[in-house]
Structure formats: C-alpha cells, structure tokens
Amino acid sequence: MSGTFEEALHAAGLRPRDVIPDGLWHRCPTIDKPKKKNGVYKLDVCGSKGWYRNWGDPVLGVAFWKQDGPARTLRRVDEAKIAAARERDRRNRIEGIRKARALWAAGTPMRELHPYLRDKGLQPRGCAQLRTWRGWLLIPVMVDNSLLNVQRIGADGKKLFVKHAPVKGGCYVLGRPDAAVTAFCEGFATGLAVYQSVRHCRVVVAYDAGNLFPVVERFKPTGSVVLVADNDHGTLARRGFNPGLQAARNAAELCDAGVTWPEGIEGTDFADTLYEWGEGAAGRIERQVLAAARFVFRECAL
C-alpha cells in the first residue's frame, strides 16, 4: 500500500495547506522553506494519481504517486545541475547559519515578559534563556548544542526564521534536572504552557508539525514520553485531515510514545487551552499529559 497522496507529499517535505484534486499544478511551502513555495503537486480529479516535486531537493525529479501503488521518480536532472544546486544550497546554508548566530548575538536577555507570551496568559517561568531584539522575541533552534537558526516572534504573533538557515531536526528544550516525563510539541507557546503546567516535565519544541518526526528521530527519547499535538480541527472540518494530530501520531510511532491533544476549545493547542479553561487549567493539562505518556524502553530507531 502506498498511503495517501497527502502522506506522500509530507514524506517529500511538501506542506500544502489543502490538496486540491483538479488536475492542475499547485505550488506550496516545504518544511525547509515554509515561507516560500518550493513544492509543487498535481492530483487528478479522481484523486487516484498524483505528481509532485520538492525543488529544494536537487537529486529528485518529479515523483509519481498512484493509489495502492509505490511512488516513483519519473525523471532526474543532470549531474551538473545537481552539483551546482548542492553547492548553492551549501553556501546559502552556511550564510544563513552565520546570520542566525549574528542575530542571536545581537539580542539581549528578556528582562520582562514579551507581549506575545503575556497576551497568551503565560508566565516568565522557563523563559530565562530567551532574548529579544528590536521588539522581537528570539528563540534558538538547536541541533546537538549548536545554534543553527533563530525563530523571531512579534507581539502580534508573526513568526519568522532566518532565511536559508536550517530548521529540520532542530529544537529548543525546556529542561528540568528532575524531569520524569519528556513532552514533544510544535510551537514555543504550547511548549511553555505544558512546561508551566506539568511538574517534573521537560519539553522539546519542534517549531512545526512536519519537524516533529525529525526531532524525535534525532532526540531518541527513553522513559515516559508523550507527543503533545496541535488539534487542527478547522482543517479537519474543511479537508477531513488533521495535520497536527497526524504528524504527532507519526512521530510517536517511532518509539511507541503516547499522544495527547486539546479538545473542546476554539483554539488548537495547549497554550489556547490554558487561556480558555482559566482557573484550574494547569492541573487539568497536567493530568491529561501524564495520563497519555507511555514508557519507552529503547531508543527510537528506524
């Protein structure tokens, strides 16, 4: 079985908002270029055949998907173009990392709670390592203790990464020396809400639903582990597909971790839950997260 067309797109790094079966080519963002449209796909009106390509991957050409059949590559670019594209990507990546580190160095420690966090009803606990720059909240994207990118969040909730700097596999850890549970989530506000609600819990922020799988794969957690998913119920209602929940479930399968998500709220994540539930919300979130955690005996592996 090949899985759904959406799953094939996600596996190739494409992140379309909606998949439209109209037989036309559509551009969409990718996990590595979330602010651009480096992905392209076409699905026939019957939804049984599809074509797609991630232009950020110079090795692969156009891939073909067929319902109940294996995906396969239809054509490849020549070796000279592959080499040139790889060299261009390498240089852009190096420059992006340089700019991200310069931005982080230019930031100053957050002296008071940033408006983005304050407006969500969050507290300063867990924010000691954050920085600000020209009104932006700065959150580092780390891989093996190295800073590779920085997420900027404005007071209005606008989120930006440094162009060309990598995000895939990067995370930010809200740690505790006495942590008994490890929780993985998408956004920083969600992670902070869980961190402030669940005692003895360390939280790993992956920044994006599509990055949960690479982060869990790299992190290889053991002990009590839970994926704290966003509940994209609006997308589910429109398309019959919940990207936040599906991404969390896929990542959880790596090591048989538990999965939990908020329900019965207007928002989509546990930061929204903390705000909407009001008094007693932290205790309810703690009980839900702990109840969903599963004990992982071995390292995650593929």
**Prompt:** Of all residues in the range 178-210, which are in a helix (DSSP H, G or I) and not aliphatic (A, V, I, L, M)?
**Reply:** PHE188, THR190, GLY191, TYR195, GLN196, SER197, GLY210
**Prompt:** Can you tell me which residues in the range 1-31 are in contact with a Gly (Cβ under 8 Å, 6 or more places away or on another chain), assigned to a loop (DSSP other than H, G, I, E, B) and either more than 19 Å from LEU212 (Cα to Cα) or of a type outside the set (A, V, I, L, M, F, W, C) (or both)?
**Reply:** SER2, GLY13, ARG15, PRO16, PRO21, PRO29
**Request:** Provide a single number: the residues in the range 6-18 that are open to solvent by less than 20 Å² (accessible area, probe 1.4 Å) and at pLDDT 90 or above.
**Result:** 2
**Request:** Can you work out which of the residues in the range 265-279 that are assigned to a helix (DSSP H, G or I) and among the aliphatic types (A, V, I, L, M) is farthest from SER197 (Cα to Cα)?
**Result:** ALA271
**Prompt:** Under the condition of being in contact with a helix residue (DSSP H, G or I) (Cβ under 7 Å, 6 or more places away or on another chain) and farther than 17 Å from LEU122 by Cα, which residue from the range 205-215 is most open to solvent (accessible area, probe 1.4 Å)?
**Reply:** PHE213
**Complete:** Residue set THR260, THR268; condition of a type in the set (S, T, N, Q), under 19 Å from the mean Cα position of the chain (by Cα), surrounded by 13 or more Cβ atoms within 10 Å (Cβ to Cβ) and at pLDDT 95 or above; output residue THR260
**Request:** Kindly check whether there is at least one residue in the range 66-87 that is open to solvent by 70 Å² or more (accessible area, probe 1.4 Å), at pLDDT 85 or above and part of a loop (DSSP other than H, G, I, E, B).
**Result:** no
**Request:** Report yes if SER197 is touching an Asp or Glu at 6+ places or on another chain (Cβ under 9 Å), in contact (Cβ under 8 Å) with a residue 40 or more places away in the chain and crowded, with 18+ Cβ neighbours inside 10 Å, otherwise no.
**Result:** yes
**Request:** Just name the residue that is nearest to CYS201 (Cα to Cα) out of those in the range 243-257 that are more than 13 Å from the chain's Cα centre (by Cα) and open to solvent by less than 20 Å² (accessible area, probe 1.4 Å).
**Result:** ALA257
**Prompt:** Just for the range 32-46: of the residues that are modelled with pLDDT of 85 or more and of a type outside the set (Lys, Arg), which one is farthest from VAL215 (Cα to Cα)?
**Reply:** ASP44
**Asked** Only one of these conditions is not met by PRO262: (1) over 23 Å from PHE188 (Cβ atoms); (2) touching a residue at least 12 places away in the same chain (Cβ under 8 Å); (3) assigned to a loop (DSSP other than H, G, I, E, B). Which number is it?
**Response** (1)
**ARG218 vs. criteria in contact (Cβ under 8 Å) with a residue 40 or more places away in the chain, basic (Lys, Arg) and open to solvent by 40 Å² or more (accessible area, probe 1.4 Å)** = yes
**Message:** Being free of Cβ contacts under 8 Å to residues at least 60 places away in the same chain and over 20 Å from ARG249 (Cα atoms) is the filter here; which residues of the range 173-194 pass it?
**Reply:** VAL173, LEU174, GLY175, ARG176, PRO177, ASP178, ALA179, ALA180
**Subset tally (residues that are farther than 21 Å from VAL167 by Cβ and β-branched (Val, Ile, Thr)) for the range 1-33** = 3
**In the range 140-170, the residues that are of a type in the set (A, V, I, L, M), in contact (Cβ under 8 Å) with a residue 40 or more places away in the chain and closer than 21 Å to GLU95 by Cβ** = VAL141, VAL143, LEU147, LEU148, VAL150, LEU160, VAL162, ALA165, VAL167
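The values are calculated or read from the model by the stated rules, or taken from the named source; none is laboratory data. Note that this is a predicted model, so its numbers are computed, not measured. Methodologically, a virtual Cβ is constructed for each residue, glycine included, from the backbone with ideal geometry; neighbour enumeration extends over all protein chains shown. Ligands, DNA and RNA are excluded from the accessible area calculation, which covers all protein heavy atoms including side chains. Shrake-Rupley method; radii C 1.70, N 1.55, O 1.52, S 1.80 Å.
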